[in-house]
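Colleague: Once you've had a glance at the structure underneath, I'll fire off some questions.
The values are calculated or read from the model by the stated rules, or taken from the named source; none is laboratory data. Because the structure is predicted, anything quoted here is derived from the model rather than measured. When we count neighbours, we look across all protein chains shown, and the Cβ atoms used for this are built from the backbone with ideal geometry, even at glycine.
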Amino acid sequence: MKSKELLLQNSLTKKKEVFKPINEGFVGMYVCGPTVYSDVHLGNVRTFVSFDIMYRFLLFLGYKVRYVRNITDVGHLLDDGEDRISKGARADKLEPMEVVQKYTNGFHKMMDIFNTKKPSIEPRATQHIIEQIEMVQQIIDNGYAYEANGSVYFDTLKFNEEKKCYGKLSGRVIDELLVETRDNLKNQSEKKHPSDFAIWMKAAPDHLMKWNSPWSVGFPGWHLECSVMSTKYLGETFDIHGGGNDLKFPHHENEVAQNVGACNCQPCNYWLHTNMLLMNGRKMSKSDGNTITPQQLFTGDSPHITKAYSPMVIKFFMLQSHYSSTNDLTDDGLLAAEKGYKRLMEAQKTLEGLVSKDSSAELDADINKPLDGFIDEMCDDFNTPRAIAQLFDLVTKINSLKEGHLDINKVSNSTLTRLKTDFPRYIDEVLGLTNESDGGNTAALDEVMQLVLELRQDARAEKNWGVSDKIRDALAAANITVKDGKEGSSWTMN
RNA sequence: GGUCGCGUGGCCGAGCGGUUAGGCAGAGGUCUGCAAAACCUUGUACACCAGUUCGAAUCUGGUCGCGACCUCCA
């Protein structure tokens, strides 16, 4: 475990702070998961990849992490008051839970494709209805919620008067919310104040998902589930809470209010928000055609791109920008990422073949500096773009060592061993990038290629360029690139 | 309308008072039968206008442009 301090940009204080876990060596992290009513959006991927990197790095630093990411399967209202899941169920003529299962499966599959680690706990809102009803009661008992016609609303005015913290996270002032909030929600008249929000909703007779409660047959408000499940699995106050920055208001703000209203304590010490994924400079939006699905990216079937891109290339592309900045997805950007990613993967293979006679340690510092630098950059609020720059510094060194521009014998055995251990670990364990071309290289293909390259080498020895080039061209047509180096030829699958 | 953020070289994208970000593309070179790869060298970059400072892409004010949130959203 490194002794380096980890810095986090805390949305709550708007400052970069040294991370201090509540319990030494342990981290409790909650991230708002997806609402499973349709296929995963590419934007979801960026957010969950970002938090996956944080999770991985915390583990790398030696923390024992409990990572909770929920599945929202109820309570998310549309403008017309209908539940998203119910709407999906009606549209697909399915049971609501069938909809939930279908898209949960799809979500999991996509997370696997992007090689993210599974959370420690993945709770669902509908599995915690009892706990949610209990929290509603607690909030009512504490005087921060009121019942109106079977629904229960959070009393933001009273809460703010006493706790003075409503709006702190999202930087809003409650008096302004009064003017700003549009009166287009159902049951608006039941609320005492426009900024009040439902924590329990009475269901209409034809509503598909509803449960019994002391107030009515109904369903919990959307914001409640995260308050309840984070408290249940991580405690009343835990370390890190994450989510997309579009959830800051109202979702996270209301979450804080509920937790403080119920337990009289802040839900977490550090709030981390990821920024949005854009495409061609604008937020992805289905309505104006400015959108692309992960599937389209994999197949190249979209007017926005010129070719197919693999999941790891897309992931690498995302990691080249900081999680808190917007990330603009473009074809040119993807193309550049693809080449860089391949270069990184090639260096990893090259590294395996390096051997040192251990005659001096002259170059050790040059190797160790970027190796340490990677950790330093990651410790600085998970700065993946800078960490990757350190990796590319090493790529150049590895290639120079192989080509003999740098003398491998001037690297001590212990440093070379460290390089061989840490470089792949950074790529695989911390960044979660896997070498995709490995899958195609079976042992049989290896043997065949060895033979082919030997035959070609024979032809080259006889200066029979016709045969030599014919082999190379034919292989190129089969998507195999031959490279002639000083110590013989090598090959890679494209 | 309110709140917040951003405008960096051909493209993507870090940095955020003085020191090379990095990737991709371009140019020159080394190597090579040729090619590819690799390595070395290389570029006029910080929207605009004022100001603070010995010194600003980085701080302050203004102008223009863009975006996000305020309503479901990762």
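Colleague: Determine the pairs where a residue that is basic (Lys, Arg), located within segment A:109-126, has a partner that is surrounded by fewer than 17 Cβ atoms within 10 Å (Cβ to Cβ) and part of a helix (DSSP H, G or I) with Cβ atoms under 9 Å apart, the partner being 6 or more residues away or on another chain.
Modeller: Filtered contacts from segment A:109-126: A:Lys117/A:Leu59; A:Lys118/A:His108; A:Lys118/A:Asp112.
Colleague: Going through segment A:1-54 one residue at a time, which ones are farther than 14 Å from A:Asp239 by Cβ, crowded, with 22+ Cβ neighbours inside 10 Å, in contact with a Phe, Trp or Tyr (Cβ under 7 Å, 6 or more places away or on another chain) and hydroxyl-bearing (Ser, Thr, Tyr)?
Modeller: Residues satisfying the conditions are A:Tyr37, A:Ser50.
Colleague: What number of residues within segment A:475-494 satisfy the criterion of being more than 7 Å from RNA strand B (Cβ to nearest atom) and within 25 Å of A:Ser310 (Cβ to Cβ)?
Modeller: The total comes to 11.
Colleague: I've got another one for you. Report, by residue number, each residue of segment A:410-435 that is assigned to a helix (DSSP H, G or I), surrounded by 15 or more Cβ atoms within 10 Å (Cβ to Cβ) and without any contact (Cβ under 8 Å) to a residue 60 or more places away in the chain.
Modeller: Residues satisfying the conditions are A:Lys410, A:Thr415, A:Arg418, A:Asp422, A:Tyr426, A:Asp428.
Colleague: Here is a follow-up. Show me the helices (runs of 4 or more DSSP H) entirely contained within segment A:67-147 in which 3 or more residues are farther than 19 Å from A:His207 by Cα.
Modeller: Passing ranges, in order: A:96-113, A:129-141.
Colleague: Now for a separate question. I need every pair where a residue in segment A:474-494 that is assigned to a loop (DSSP other than H, G, I, E, B) has its Cβ under 9 Å from the Cβ of a residue that is β-branched (Val, Ile, Thr) and at pLDDT 85 or above, sequence separation at least 6 or different chains.
Modeller: Pairs found: A:Asn494/A:Ile480; A:Asn494/A:Thr481.
Colleague: Being assigned to a helix (DSSP H, G or I) and at pLDDT below 90 is the requirement here; does A:Leu224 meet it?
Modeller: Judged against the criteria, A:Leu224 is not a match.
Colleague: Kindly indicate whether A:Met378 is in a helix (DSSP H, G or I) and within 22 Å of A:Asp52 (Cβ to Cβ).
Modeller: Spelling it out, A:Met378 is indeed in a helix (DSSP H, G or I) and within 22 Å of A:Asp52 (Cβ to Cβ).
Colleague: If I go through segment A:12-38 residue by residue, how many of them are under 25 Å from A:Phe107 (Cβ atoms), among the hydroxyl-bearing types (Ser, Thr, Tyr) and in a loop (DSSP other than H, G, I, E, B)?
Modeller: Counting residues in segment A:12-38 that are under 25 Å from A:Phe107 (Cβ atoms), among the hydroxyl-bearing types (Ser, Thr, Tyr) and in a loop (DSSP other than H, G, I, E, B) gives 2.
Colleague: Somewhere in segment A:149-159, is a residue in contact with a Lys or Arg (Cβ under 9 Å, 6 or more places away or on another chain), within 30 Å of A:Leu59 (Cβ to Cβ) and in a helix (DSSP H, G or I)?
Modeller: There is no residue in segment A:149-159 that is in contact with a Lys or Arg (Cβ under 9 Å, 6 or more places away or on another chain), within 30 Å of A:Leu59 (Cβ to Cβ) and in a helix (DSSP H, G or I).
Colleague: Condition first: surrounded by 13 or more Cβ atoms within 10 Å (Cβ to Cβ), within 15 Å of RNA strand B (Cβ to nearest atom) and free of Cβ contacts under 8 Å to residues at least 24 places away in the same chain. Can you find one or more residues in segment A:436-452 that meet it?
Modeller: Yes: one or more hits.
Colleague: Another question, if that's okay. Are any residues in segment A:237-256 within 6 Å of RNA strand B (Cβ to nearest atom) and either buried (at least 22 other Cβ atoms within 10 Å of the Cβ) or assigned to a strand (DSSP E or B) (or both), and if so, which ones?
Modeller: Hits for segment A:237-256 are A:Gly243, A:Gly244.
Colleague: From A:Ala387, A:Ala336, A:Ala347, grab the single residue that is within 8 Å of RNA strand B (Cβ to nearest atom), buried (at least 18 other Cβ atoms within 10 Å of the Cβ) and of a type outside the set (S, T, N, Q).
Modeller: Just one listed residue meets the conditions, A:Ala347.
Colleague: Pick from segment A:217-228 the residues that are aliphatic (A, V, I, L, M) and crowded, with 24+ Cβ neighbours inside 10 Å: which of them is nearest to RNA strand B (Cβ to nearest atom)?
Modeller: A:Leu224
Colleague: Another question about this same structure. Among residues belonging to segment A:315-333 that are in contact with a Leu (Cβ under 7 Å, 6 or more places away or on another chain) and at pLDDT 95 or above, point out the one that is farthest from RNA strand B (Cβ to nearest atom).
Modeller: If we take residues in segment A:315-333 being in contact with a Leu (Cβ under 7 Å, 6 or more places away or on another chain) and at pLDDT 95 or above, then A:Lys315 is farthest from RNA strand B (Cβ to nearest atom).
Colleague: If you scan segment A:281-295, which residues turn out to be over 12 Å from A:His41 (Cβ atoms) and either more than 8 Å from RNA strand B (Cβ to nearest atom) or acidic (Asp, Glu) (or both)?
Modeller: Scanning segment A:281-295 gives A:Ser287, A:Asp288, A:Gly289, A:Asn290.
Results for (1) in contact with a Pro (Cβ under 8 Å, 6 or more places away or on another chain); (2) not small (Gly, Ala, Ser), shown as yes or no for each residue.
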{"residue": "A:Met279", "(1), (2)": "no, yes"}
{"residue": "A:Ile292", "(1), (2)": "no, yes"}
{"residue": "A:Lys307", "(1), (2)": "no, yes"}
{"residue": "A:Ile314", "(1), (2)": "yes, yes"}
{"residue": "A:Ser324", "(1), (2)": "no, no"}
{"residue": "A:Asp328", "(1), (2)": "no, yes"}
{"residue": "A:Gly333", "(1), (2)": "no, no"}
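Colleague: All but one of (1) within 8 Å of RNA strand B (Cβ to nearest atom); (2) farther than 29 Å from A:Arg418 by Cα hold for A:Pro303; which doesn't?
Modeller: So the condition that A:Pro303 fails would be (1).
Colleague: Of A:Ser310, A:Ser325, A:Ser302, which residue is more than 22 Å from A:Asp428 (Cβ to Cβ), out of contact with any Ser or Thr (no Cβ under 7 Å at 6 or more places or on another chain), touching a residue at least 24 places away in the same chain (Cβ under 8 Å) and surrounded by fewer than 20 Cβ atoms within 10 Å (Cβ to Cβ)?
Modeller: A:Ser325
Colleague: Separate question: Of all residues in segment A:257-297, how many are modelled with pLDDT of 90 or more, small (Gly, Ala, Ser) and surrounded by fewer than 17 Cβ atoms within 10 Å (Cβ to Cβ)?
Modeller: Within segment A:257-297, residues that are modelled with pLDDT of 90 or more, small (Gly, Ala, Ser) and surrounded by fewer than 17 Cβ atoms within 10 Å (Cβ to Cβ) number 0.
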